[in-house]
1. Looking only at the range A:278-292, which residues are closer than 12 Å to A:ILE247 by Cβ and of a type in the set (Gly, Ala, Ser)?
2. Check off (1) over 25 Å from B:SER330 (Cα atoms); (2) open to solvent by 20 Å² or more (accessible area, probe 1.4 Å) for B:ALA161 and give me the number that stays unchecked.
3. Conditions first: (1) under 25 Å from B:SER91 (Cα atoms); (2) under 15 Å from the mean Cα position of the chain (by Cα). A:ALA114 passes all but one, so which condition is the exception?
4. Filter the range B:26-58 down to residues that are within 14 Å of chain A (Cβ to nearest Cβ) and open to solvent by 50 Å² or more (accessible area, probe 1.4 Å), then give me how many there are.
5. Give the residues of the range A:65-78 that are facing chain B (nearest Cβ under 8 Å) and open to solvent by less than 10 Å² (accessible area, probe 1.4 Å), sorted by residue number.
6. Suppose we filter B:PRO167, B:PRO131, B:PRO142, B:PRO100 for residues that are away from chain A (no Cβ under 13 Å) and without any contact (Cβ under 8 Å) to a residue 24 or more places away in the chain; which single one remains?
7. For B:ALA178, indicate whether it is out of contact with any strand residue (DSSP E or B) (no Cβ under 9 Å at 6 or more places or on another chain), among the hydrophobic types (A, V, I, L, M, F, W, C) and without any contact (Cβ under 8 Å) to a residue 60 or more places away in the chain.
8. Test of understanding: among B:VAL85, B:VAL40, which residue is closer than 30 Å to B:GLY221 by Cα, at pLDDT below 95 and of a type in the set (Val, Ile, Thr)?
Protein chains: 2
Amino acid sequence: MYRSWIAAAAATLLAPAFAMAADLRIDANAIFKPIDAASVATAVKNNDITAAKIELGQKLFFDPRLSKSQIISCNSCHNLGTGGVDAGPTSIGHGWAKGPRRAPTVLNAVFNVAQFWDGRAVDLKAQAKGPVQADVEMNNTPAEVEKTLNSIPAYVTAFKAAFPSDPNPVSFDNMAKAIEAFEATLTTPNSRFDRFLKGEDAALNDVEKKGLRLFIDKGCGGCHGGVNIGGNGYFPFGVAQKPGEEILPAADKGRAKVTHDAADEFVFRSAPLRNVALRAPYFHTGSVWTLEEAADIMAKDQLGETLSKEDLGAIVAFLGTLTGDQPKVSYPMLPSRTKDTPRPQ
Amino acid sequence: MYRSWIAAAAATLLAPAFAMAADLRIDANAIFKPIDAASVATAVKNNDITAAKIELGQKLFFDPRLSKSQIISCNSCHNLGTGGVDAGPTSIGHGWAKGPRRAPTVLNAVFNVAQFWDGRAVDLKAQAKGPVQADVEMNNTPAEVEKTLNSIPAYVTAFKAAFPSDPNPVSFDNMAKAIEAFEATLTTPNSRFDRFLKGEDAALNDVEKKGLRLFIDKGCGGCHGGVNIGGNGYFPFGVAQKPGEEILPAADKGRAKVTHDAADEFVFRSAPLRNVALRAPYFHTGSVWTLEEAADIMAKDQLGETLSKEDLGAIVAFLGTLTGDQPKVSYPMLPSRTKDTPRPQ
């Protein structure tokens, strides 16, 4: 009797908190989606994901011999140890050239509407071909990559296993497909935010819940929604006011270069925010080094709002809950070069 | 009766082969040693190897933030996926500078008499401090490295755990000790040659056994002996005749730069030959791309002998049996930078 009275009183006292969490969850689930097996399974198009492809793709992802210098691999700029990006601000490539934009993270990239900051690659297999050829990145050619792969017997065997019905398995296109297969495994499920979305009230503390409420109510979720909390559409940068040249340089017109439509000037794919706490510096210029400052800029320049230090802190605390389980990856042993392998240049 | 006759006849017929293998094994064991737990345990001096140190050292080995640009890690030039070296000929470092000598392999380096081609570092913890500071490599300073490590709370915790009795655990010296602890795990036991040394006749085929016999009888083991099949002493390059400028440039006097003794001109630490088949190009200049050519040069320039193509092939076949089990390494998740972490330059 005494116990049930306590329980009843506690239920009454706690009811508002429970109700608040439940409301917040309903609102959040209308905008965001947790990472689960279903979201991964539907994310890759036109590329059957097999164990043989993933294993091959993992080797290729880490193989610097895909670059002309043979010292730059996918992992050089999309470092799996540091949130799937490099130290920034923008990447350093062949000949110590500096890239024009910050490397986007490879983690959860499979969920993005398209790849690169301007969405110029429709998917990860299209994306994978870009940096291998870009003169300021790996600076190689498809023909030279195919020559390298064909010169290494273990790669030839692995391509045959990964593409058994392809009469020409060792190809630049199949390199990209294998890399996409591996990259599709690089998801970070089970973030505290995901656990909250699925019903675990205690996964977020009060400050983080307040941050989530602000993130929703201020409209951040309008551009940063879906399974990747962003990366799901194209939006103009500088809606309320234009950021400074350092953050949004006039020379980089964003998606307009892809669509040749003036309406797309300074339009970019919204940044996916999963694991965002792991990968300063921020924005396509990599010019902002803290989440506090990045959130402040977004509030002012996109929403026309100056948030209090407390509100910014709450939003940053919420963003910290987007860090999920990082992929466990073994460092692959790469098959040896032979006398026929092209030499580094 | 019939069976025992067969067995007796077989034993008689096979006796010379068995005896030959036994003689070869006796001769080989007089020069070489297999990798075993005992050889590893005694290899590291003045640094207690603990699990906490190894775990920290593994993170540091893969952390590009130890470099000024924050894109070059130990693994960039000592790539564990390609025999513990990069693609060569010599490494590319800060500002795309080319290093003066080929990166030596980190695999089994713990067994070497000293580190670097000229032995200028007494051990791996002394070695680890070199490339971090070299302007053509990682181009950083001890003070800046310590600032970086101290700015990352998870590193501070890890250093405390690895150096529990040190009042100043986060130090450049301890960084080097942790890296040494990890590198001491990078051994490649169980090569076919090791199994032969331990008594497994069938571990080498006839051509490989012939190559081993030639390797011993021609005197190769005089410089390439011990547990690392080399790396065990200093020897002049060009005993019988001086190799060409491309292989042995006049400007690089080798160990003489360390000892300031004219007798050490063109003296180098002998190359350790374990896993040698995995890591072309060869010599300190990285100027020779096949083992056949490297063995031919050694025979001519060190021994004054021109070996037949068949003998060279047998020696190369034997060298292939020195490839051991490559270390299984998980790619470490690195602790995140903070607002106090120095920025890449």
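1. A:GLY286, A:SER287
2. The number of the failed condition is (1).
3. (1)
4. Of the residues in that region, 1 qualify.
5. Selection gives A:SER69, A:GLN70.
6. Being away from chain A (no Cβ under 13 Å) and without any contact (Cβ under 8 Å) to a residue 24 or more places away in the chain holds for just one of B:PRO167, B:PRO131, B:PRO142, B:PRO100, which is B:PRO167.
7. no
8. Result: B:VAL40 is the single residue among B:VAL85, B:VAL40 that is closer than 30 Å to B:GLY221 by Cα, at pLDDT below 95 and of a type in the set (Val, Ile, Thr).
The values are calculated or read from the model by the stated rules, or taken from the named source; none is laboratory data. Since we're looking at a predicted model, the values are computed, not measured. Please note: Cβ atoms are built from the backbone with ideal geometry, for glycine as well, and neighbour counts cover all protein chains shown. Just the protein is used for accessible areas: all its heavy atoms, side chains included, with ligands, DNA and RNA removed. Shrake-Rupley method; radii C 1.70, N 1.55, O 1.52, S 1.80 Å.
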